[in-house]
Each structure stands twice: as C-alpha cells, then as structure tokens.
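Just so it is clear, none of the values below were taken in a lab; they were calculated from the coordinates. Only a predicted model underlies this, so the values are computations on that prediction, with no experimental measurement involved. All Cβ positions, glycine included, derive from the backbone under ideal geometry; neighbour counts span all protein chains shown.
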Amino acid sequence: MSESTKALGSARDTAMTAIVQNRYGAPEQVLAPAEIARPVPGDDEVLVRMRATSVNTPDWLAVQGVPYLLRLQSGLRRPAAPVRGSDIAGVVAATGKNVTDLRIGDEVFGSQWGTKSRPGTFAEFALASADRLIAKPAELTFEEAGAAVMSGITALLAVRDVSRAGPGKRILINGASGGVGTFAIQIAKTLGAHVTGVCSTRNVEFVRSLGADEVVDYTRDDYTRGAQRYDAILDNVLNHSPAANAALLTPTGTFIPNSIGNAAGLFGGLPRIGRAHLMGLGSADVRSVTCVPDRGNLRDLAALLASGDVKVIIERTYPLAEAAAAITHMLGHRARGQIAVTIRPGGDSGGEID
Ligand SMILES: NC(=O)c1ccc[n+]([C@@H]2O[C@H](COP(=O)([O-])OP(=O)(O)OC[C@H]3O[C@@H](n4cnc5c(N)ncnc54)[C@H](OP(=O)(O)O)[C@@H]3O)[C@@H](O)[C@H]2O)c1
C-alpha cells in the first residue's frame, strides 16, 4: 500500500491535527494545536499530506487581526477561517474527480493563496485547487519548497514583470534581507539587473552574498537621500514616504510599494499605500504586485530554484507544534529570509511516515 493510502486508511482518517486560532491576539495566546475534521477534496481539488509550510505576512496579520479594518473581511470578533498558512509542500493523499494529472503519492508544492480552499496549511493535511500545485523539484527539500511560494512568486512578479528588470537596469530593494527581498535580489541578478539592497548592518554581507552589487546600511545611511536614480524600487518596508521614493526614479522608473507598513491601528499602512497610488495618477509610475501562485508562475519559480540560480533562504525551521513561535519570530520584522514550519503527519504521537 502506498504511503498515502496507508494514512487515509488509519484510525484517524477523518481527523487531523491543526494549529487553530479562535480569537485575535499574540500568537502564543491565541494559537493552539487541536484535532479538526480532515478536509475532503472538491472535484477540482487535491488533498495534500503536508510536509512543510512557512510563515508569511498574511499569517501574522490574521493572527493579530490587524489593521483592524481587515476584520471586516476576516471576522469582526474572531477569524472566520481559524487555520493560518498558505504555502504547501507535501505528498498527494487524495484527488477530486476532475483531477487527472496529479496522482496519490506525487510530491507537490504550491499554495492556497487567492483560492477558497480551507482550512489553512498549518495542519497535517491541506486542500489546494489542482491548478495551484505542481511537482516539487527533486532538488528542493520539502522545507525549501514549502517556504518558497508566496515570497518567491511575489518577488518573481515584482522583479520580472512589474519592474521589468534586466541588463542596464538599476533596481533598489528595500527590505532586501527578508523573505521577499532575498528572492528579489537573486531573481534580479539572474535577469542581469544592477541591484542595490537596503538592510541593517548585520545583514550587509549576507545581502552582498546573495548578489547585490551595492548595499545601503539603513542604520547609517538613508537611501532616499542618495544621489543615485533607479529604474525600479521594490519597497518591502514602506518606511519612507512614497514621494521620497518617487524622487529617486529615472523618468521611466517604477515604484512598487509592497508592504502594509506599520500594521497597527485601524488602517495600518493602507493610507500610505493609497497615497502612493494617488501619486501614480500623476507623473510617477506606481504599480502594485499581487502574488498569483498559478501553475505558470509556479513552474517559472521551480525552474529558477531547480537550476540553483535562486536559493530558498530559511533562517529557522519550527515544528508544527511550535507554529506560534514561528509567527512570533516573523513578527519581530527581522527575519533573514523565510521562516519554515515542518509538518510530520502523526507528529508527537508517532506515526511518522518517512
Ligand atoms: N504583494 C503580495 O502579494 C505580497 C506577498 C507577500 C508579502 N508581501 C509584502 O512584502 C513585504 C515583505 O515581506 P517579507 O516576508 O519579506 O517580510 P519579512 O521577511 O518580515 O522582512 C523582514 C526583513 O525586513 C527587514 N527590515 C526591517 N526593518 C527594515 C528597515 N527599516 N529597512 C530595511 N529593511 C528592514 C529586516 O532586515 P534587518 O534585520 O536588516 O532590519 C528583515 O530581514 C511585507 O510587507 C508583505 O506585506 C506582499
């Protein structure tokens, strides 16, 4: 019997362990492991036995329920969807009747992001729409694949499509040492662009090692006061005004505000993003980027990762039972690359399948 059919035939075949959030607040106070119903794939969905996922900005925003305005969508008093996580790496455990190109036992990676598949991925099993999964590159560990999707595709779309980085183009990446930034530097270099990364002192050599041609240490220098002009600015922090960023652009340059900034309060950084886009109605070219983890983008990311040109930088990997600590880590806003979460079906109770 295959790995997957074995597990589905076990005593726990209708339940699974997930990290469940019943209210908003600090991760350690609102997240706890619980047994919940194992989801059943719809006709176009795949049930994945999860091996790894990762923490991304939407996860810590949803745990805290910030900015408060977003609670209109996520649930006023408590999150309507109680399981966090969207990146997926694992093994196909079951398929819906319309899914013909993925089979039980296939190693896959992908995402739930932007789809209605629930619950989230901080769980032993996760659902994904089949068009949001592809084969996991054999060169990647499950942790690398499960930490690559949201940040990697966001960086790919921002750098390749929105900024149109290439030879002779200068791109500045603010927040260069974080999840999105570490992918963005490497992807911009594979496209032949000149990259300036902005980070703190402790990350200067690290950012350079990823390929950045120049590094601005924000504890010593304010990049918005420099004389250099850029064809694109990917701003993953949004700690300077949109106007200060726009002033650094070449006449055809593009500003990409890619952060909710300070997420506190009713609106968080939303007004600043709004101002940036209003500015874009004038002479400045201001564009947003949205992570779309469809098969085309997953394949493009997988090719970059499989070639070794782009590496998944993981600062630390936490077991699923410590998901709250993983989210707290990211909430410090100093993560170097991604924070991965390892999921071993059967977990503490044994039952490990590998
Ligand atoms: N558009 C989309 O679909 C999409 C998808 C995913 C994420 N995002 C956005 O992308 C942004 C970045 O996400 P992420 O996962 O990369 O965040 P992250 O991993 O939490 O970023 C952490 C990094 O930020 C750096 N940082 C903190 N303060 C800084 C400052 N003042 N100046 C420069 N760097 C600073 C830190 O470097 P130091 O330790 O050196 O300070 C750290 O390495 C988020 O705001 C998120 O909302 C958008």
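Compute the distance in nm between two label points, each set 7 Å from the Cα along the Cα-to-Cβ direction, one at A325 and one at T190.
3.3
Using a 10 Å Cβ count of at most 10 others and DSSP loop calls, identify the longest part of the chain lacking such trypsin sites (Lys or Arg not before Pro).
221-354
Just the Cα atoms of the stretch 1-141: what Rg and Dmax do they give in Å?
Using the Cα atoms of the stretch 1-141, the pair Rg, Dmax is 15.3, 49 Å.
If the chain between R118 and D13 were fully stretched, how many nm would it gain, using 0.36 nm times the residue separation less the Cα-Cα distance? Can you show the working numbers first?
Working: separation 105, 0.36 × 105 = 37.80 nm, distance 1.77 nm.
Separation in residues times 0.36 nm, less the Cα-Cα distance, equals 36.0 nm.
If you place +1 on the Cβ of every Lys and Arg and -1 on the Cβ of every Asp and Glu, how big does the dipole about the Cα centre of the stretch 80-185 come out, in debye to the nearest 20?
480
List nothing, just return the count: lysine pairs in the chain, 8 or more apart or interchain, with Cα separation under 24 Å.
10
Tilt of helix 295-307 relative to the longest C-alpha principal axis of the chain, in degrees (0 to 90, nearest 10)?
Taking Cα atoms only, the helix is inclined about 80 degrees.
Extension gain A32-A247, at 0.36 nm per residue separation less the Cα-Cα distance, in nm? Show your work: numbers first, answer last.
Numbers: separation 215, 0.36 × 215 = 77.40 nm, distance 4.65 nm.
Full-extension gain reported as 72.7 nm.
For H277, put the label point 7 Å out on the Cα→Cβ axis and report which residues of the stretch 152-187 keep their amide N under 18 Å from it.
158, 162-163
Residue by residue through the stretch 43-53, which ³J(HN,Hα) values in whole Hz follow from phi under the Karplus form 6.51 cos²θ - 1.76 cosθ + 1.60 (θ = phi - 60°), with glycine and proline marked x?
So the J values, rounded to whole Hz, are 4, 9, 10, 10, 9, 10, 6, 6, 10, 7, 9.
For the chain, what does the helix formula give at 222 nm: sum of -39500 (n - 2.57) over DSSP H segments with n ≥ 4, over the residue count, nearest 500 deg cm²/dmol? Walk me through the numbers before you get to the answer.
On the way: 12 runs with 90 residues, N = 354.
Calculated at 222 nm, the ellipticity per residue is -6500 deg cm²/dmol.
With the crude spin-label approximation of a point 7 Å out along Cα→Cβ, what separation in nm comes out for T219 versus S288?
Output for this residue pair reads 3.4 nm.
On alpha carbon coordinates alone, what is the Rg over Rh value for the stretch 150-286, Rh being the Kirkwood radius? Provide the component values of the computation, followed by the final result.
Details: Rg = 13.7 Å, Rh = 14.6 Å.
Result for the stretch 150-286 is an Rg/Rh of 0.94.
Taking N as the number of residues in the chain, what is its alpha-carbon radius of gyration divided by 2.2 N^0.38 Å? Could the numbers behind the result be given before it?
Details: Rg = 20.3 Å, N = 354, 2.2 N^0.38 = 20.5 Å.
Dividing the Cα Rg of the chain by 2.2 N^0.38 Å gives 0.99.
Dipole of the stretch 35-108 (Lys/Arg Cβ +1, Asp/Glu Cβ -1, origin at the Cα centre): which of P58, P41, G96 lies farthest to the positive side?
Positive-most Cα among the choices belongs to P58.
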